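Below you'll find the structure, written out as structure tokens, and then a few comments.
The values are calculated or read from the model by the stated rules, or taken from the named source; none is laboratory data. Being a predicted model, the structure only gives us computed values, none of them experimental. FYI the Cβ positions are ideal-geometry reconstructions off the backbone, even for glycines, and counts take in every protein chain you see.
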Amino acid sequence: MDLPYIATDIRMHAARKVIVVVEASTAYGRGILRGIAKYCHLHGPWLIEMDPWEIYNKELPRMADWQGEGIIARVSSEKVAEQILDSGLPAVTLASDSTKRLGATKKDQWAVIPCVKSNSHAVGVMAAEHFLDRGFRHFAFCGIPYCSWSQKRKESFANRIRQAGYDCDIYPEPRLRRDRLWDREQRSLTDWLAGLPKPVGVLACNDERARYVVAAARIAGLMIPENVAVIGVDNDDLLCDLSNPQLSSIAMNIERAGYEAASLLDRLMAGEPMAGQQISVDPVQVITRQSTNILAIGDRQVAAAIRFIRENAKDPIRVDDVVAAVSASRRLLERRFQKVLARSILKEIQRVRIELAREILIRTDLPVAKVAREAGFSNATHLGVIFKRTVGTTPLAYRKKHRNR
């Protein structure tokens, strides 16, 4: 008996063959790969040729055998950059410092290759605001030498701290690779932390570096976050949760960047010229865990008021409720808020609610009216007005920009 014919939804056009060389061992690399996978699922089919281990060999020895139509790659060495250029294929790269030593001709050719680049300036500013909002008056940065993205985060963080009227200590990063091995570096990092004024807020250039800071603080006998509060970057859930205490980190919109990188490569393979297009990986929010879960505020009444606001922001609290909670006169408490935080009690209530709304917008698909209620606003219109004034865009536009596709 003949079997019935069953129609299937198989696409008839040929699948594009794409070379992907991105490490899966880091949160950043995995985020990029998830974004690529999501694009392929929605707009493929693509045949992905992928060997994550090649990135550690600092070259692409099987490039000639892959015969791909396009490339998405982490540029781990000058050799990789040259191989990408010599292939003549459309390519999107993950920004790297490995192209600095290319010859003049190669540099001109490389200038048109599109890339994915972290918005390190915004990272530094966000970390600084996180510590400033918690009342810190001492700040420090721990980075990695020779990495431009680490240097940019350092400069941005330190500049924002200086704008607020404070100094920022910079860890003297070991220049030699052998001196950055943990058994060698722990003494210098431990001594540096021990010598900082306390309490201090430390930004590490990424989560891995932040774990080094946490470990050194423990060796020095310093309490986290009471003496040293630490924040990393990339929000690697595994690294952050394995840290003791759990590590606060800046979540980056990595998956979205991976999706946009795949979309751009698709257009390049269809004929769009390479013209140095850039895809920005932007910070979304600070994921607060134990390593920064503290208020470094000497004024006990202000600290108590802020704690009350954070614990009750979802409820319809007003300034008078905050005043009553700490048994202070409104006039005196307002003066203290201005002195410590340079903003009013009402502005602090609104700031905490906006941060809550931003988190809900990214984490859920709730309609704006529901987001408003969950974040303590009276209605969607009220949320919209305050959100636009504070963030510079509407709640829905913010969600569209920062949610993974």
* Of the residues that make up the range 370-382, is at least one within 30 Å of residue 37 (Cβ to Cβ) and not aromatic (Phe, Trp, Tyr)? -> yes
* Asked: Take the residues of the range 358-405 that are among the hydroxyl-bearing types (Ser, Thr, Tyr) and in contact (Cβ under 8 Å) with a residue 12 or more places away in the chain: which is surrounded by the fewest Cβ atoms within 10 Å (Cβ to Cβ)?
  -> 378
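One line per residue, one yes/no per condition, for (1) within 22 Å of residue 285 (Cβ to Cβ); (2) basic (Lys, Arg):
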position: 74; (1), (2): no, yes
position: 103; (1), (2): no, no
position: 106; (1), (2): no, yes
position: 116; (1), (2): yes, no
position: 132; (1), (2): yes, no
position: 149; (1), (2): yes, no
* Asked: Which of the residues that make up the range 350-384 are part of a helix (DSSP H, G or I) and polar (S, T, N, Q)?
  -> 350, 381
* Asked: residue 175 passes all but one of (1) part of a loop (DSSP other than H, G, I, E, B); (2) under 22 Å from the mean Cα position of the chain (by Cα); which number fails?
  -> (2)
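Give me the residue from the range 248-300 that is assigned to a helix (DSSP H, G or I) and hydroxyl-bearing (Ser, Thr, Tyr) and, out of that set, surrounded by the fewest Cβ atoms within 10 Å (Cβ to Cβ). Spell out how you get there, then give the answer.
Just the residues of the range 248-300 that are assigned to a helix (DSSP H, G or I), to begin with: 254-269, 290-292, 300.
Those left that are additionally hydroxyl-bearing (Ser, Thr, Tyr): 259, 263, 291-292.
Values: 259: 25, 263: 18, 291: 27, 292: 26.
Going through the qualifying residues, I end up with 263.
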* Structure fact -> Here the qualifying pairs (Cβ atoms under 7 Å; residues six or more apart or on different chains; first in the range 236-249 and closer than 12 Å to residue 290 by Cβ; second of a type in the set (Val, Ile, Thr) and in a loop (DSSP other than H, G, I, E, B)) come out as 245/224; 248/288
* If you check residue 100 against the conditions, is it part of a loop (DSSP other than H, G, I, E, B), surrounded by fewer than 16 Cβ atoms within 10 Å (Cβ to Cβ) and either acidic (Asp, Glu) or not assigned by TED's automatic domain parsing to the domain that holds residue 307 (or both)? -> yes
* Asked: In the range 116-165, how many are hydrophobic (A, V, I, L, M, F, W, C) and under 19 Å from residue 189 (Cβ atoms)?
  -> 9
* Report yes if some residue within the range 45-67 is surrounded by 21 or more Cβ atoms within 10 Å (Cβ to Cβ), closer than 16 Å to residue 266 by Cα and either among the acidic types (Asp, Glu) or at pLDDT 85 or above (or both); otherwise report no. => yes
* Quick one: in the range 198-220, which of the residues that are of a type in the set (Val, Ile, Thr) and over 17 Å from the mean Cα position of the chain (by Cα) is surrounded by the most Cβ atoms within 10 Å (Cβ to Cβ)? -> 213
* Asked: Could you list, in sequence order, the residues of the range 338-351 that are modelled with pLDDT of 90 or more and among the aliphatic types (A, V, I, L, M)?
  -> 345, 346, 349
* Give the residues of the range 301-348 that are basic (Lys, Arg), over 21 Å from residue 131 (Cβ atoms) and not in a helix (DSSP H, G or I), sorted by residue number. => 314, 318
* Asked: Among (1) assigned to a loop (DSSP other than H, G, I, E, B); (2) more than 26 Å from residue 141 (Cα to Cα), where does residue 223 come up short?
  -> (2)
* Under 8 Å between Cβ atoms, at least 6 apart or on separate chains: pull out the pairs that start in the range 119-144 with a residue that is free of Cβ contacts under 8 Å to residues at least 60 places away in the same chain and end on any residue that is aliphatic (A, V, I, L, M). => 132/161; 132/164
* Please give the number of the condition residue 113 fails out of (1) outside any loop (DSSP other than H, G, I, E, B); (2) under 29 Å from residue 32 (Cβ atoms); (3) not acidic (Asp, Glu). => (1)
